[in-house]
Amino acid sequence: MKTKILSLILILLTLLTHAQEKENIFPEGDINLVQNMEFGKNTKWAELTATENPISKKALNKLGSFAIADDGKIYLLNLLKNDLSVFDKNGSFIKVLNTDIRDKAYLNSDLRARPKISGILDNKYLVIEIYDRIRLYHLDGTFYKTIVLDYAINNHVVPLSDDLVAISTWIPYKNAKPRNIILLKNIVSEKEHQIMSVEIAPYEKYTIAKIKTTTAKGSFTQAYGMTFPYSRASYIMQKFNNDQLVVGCTQDNFLTVFSKEGRKTKTIDLNINRIKISDDTKGEFITNVKKNLEKITSSKNMKIEKITQNIDDIEFPEYMPYFHSMHIDSDDNILVFLYTENEPKMTAKIYKTTGNNSQELETISTFISPDIKLRINASENRLYFRKNSIFGLENGGSENSPNLRLIQLNY
């Protein structure tokens, strides 16, 4: 299995189509993605989103997020300039709404404090998550309120309806043992309740080394270890059927649907055959770990404080997770993206749902356009599915003068 799968940097694919053609909306075989070159054609992306500070393209992946409102307007949060802008449905720039998005309490903090747009709640509020707090803005960019949490957000917040959001956290919740917790929270009353709680393995099981980094503002120590898909299970949430919540665990072969009251309404069997992790894949991962640690050793501002386990004795799971990401299109078809050993293609299973019933559709392979590279990651809002289209964020410019731009892909 190639390095691209291990790092989860996947070249984009597509799926969606018209609601009125639901019986045959997902053709079998390759689907050709075509970039809409008219989308955002007159928008000066470099001027709007560029920065003079050099930054790697890898770091740039975390510096933008966006959401699309019911009327088609696109709200882009750009951390290169720390501003929030709005565009029309054709990608034309309308205006900058706010130039002070980042929470002042975290201006000089670490990467966990980088805000990102979670989505739009009740077609009234932009929901922005920042580590252990949620900031809410009206759609005109004016600030509404900050909700401070007593736990850190894991992966993402999902806006539902009627002032409710779903939150995932994996650190100890209110001094309990480490568990993955999913909660529903009312943004007005700020009351919350758990709807799911699963015990998780401690960090130590996956930690390979402790790394100390020194900067002009001080030093900090972080754990370096096995990353997804080899480490702990990942929980993915998506809004479904206007106000319900779909939750999937990458180590489970099913999805669970919750009502907005937190009641389980059904499960959807995925029927996925997992890929067994080969010895070659394990060897490639171990080789890359050793190379990374060698780079750290030669770094001026980083050093290895402690090796916590023998690298050659790393314990791998027998199989890859059942899936790596899950999205829901505008017709409530559930799209589950799977691992594959046959790059550059990627496989998706599609589940069509009607009322309380679900029906698995055919597994398809999708065409991967060689000139479009977008990150598919459940924890980052860098992809947005609409009818006939996928909207995404592209890394434009160069390393010395990076910028972000929105793109639309049709088929």
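The values are calculated or read from the model by the stated rules, or taken from the named source; none is laboratory data. Computed from a prediction, not measured in an experiment: that's the story for all the values here. Here Cβ is always computed from backbone atoms with ideal geometry, including for glycine, and neighbour counts include all displayed protein chains. Accessible surface areas use protein heavy atoms only, side chains included; no ligands, DNA or RNA. Shrake-Rupley method; radii C 1.70, N 1.55, O 1.52, S 1.80 Å.
Number of residues in the range 122-163 that are part of a loop (DSSP other than H, G, I, E, B), within 21 Å of the chain's Cα centre (by Cα) and not charged (D, E, K, R) equals 10.
Only residues that are modelled with pLDDT of 90 or more and either of a type in the set (A, V, I, L, M, F, W, C) or on the phi > 0 side of the Ramachandran plot (or both) were counted across the range 241-253, and they come to 3.
A residue that is at pLDDT 90 or above and either in a loop (DSSP other than H, G, I, E, B) or buried (at least 19 other Cβ atoms within 10 Å of the Cβ) (or both) can be found somewhere in the range 96-111. Applying a threshold of 7 Å to beta carbon distances and a minimum spacing of six or more residues, or different chains, the list of pairs starting in the range 129-155 at a residue that is free of Cβ contacts under 8 Å to residues at least 40 places away in the same chain and within 15 Å of Ser65 (Cα to Cα) and ending at one that is assigned to a strand (DSSP E or B) and open to solvent by 20 Å² or more (accessible area, probe 1.4 Å) reads Glu129/Lys116; Arg135/Thr146.
The set of residues from the range 292-315 being closer than 18 Å to Tyr206 by Cα and open to solvent by 70 Å² or more (accessible area, probe 1.4 Å) comprises Glu305, Lys306, Ile307, Asn310, Asp312, Asp313, Glu315.
Considering only residues in the range 185-207 that are open to solvent by less than 50 Å² (accessible area, probe 1.4 Å) and β-branched (Val, Ile, Thr), the one that is modelled with the lowest pLDDT turns out to be Ile200. Checking each residue of the range 307-325 against the condition of being under 30 Å from Leu164 (Cα atoms) and assigned to a strand (DSSP E or B) gives at least one match. Arg179 falls short on exactly one of the conditions (1) at pLDDT below 85; (2) over 16 Å from Cys249 (Cβ atoms), and that condition is (2). Among all residues of the range 230-240, there is at least one that is open to solvent by 40 Å² or more (accessible area, probe 1.4 Å), under 28 Å from Asp331 (Cβ atoms) and touching a residue at least 12 places away in the same chain (Cβ under 8 Å). Number of residues in the range 234-265 that are outside any loop (DSSP other than H, G, I, E, B) and closer than 19 Å to Ser161 by Cβ: the value is 13. Only one entry in Lys217, Lys174, Lys145, Lys210 is more than 26 Å from Val246 (Cα to Cα) and at pLDDT below 80, namely Lys217.
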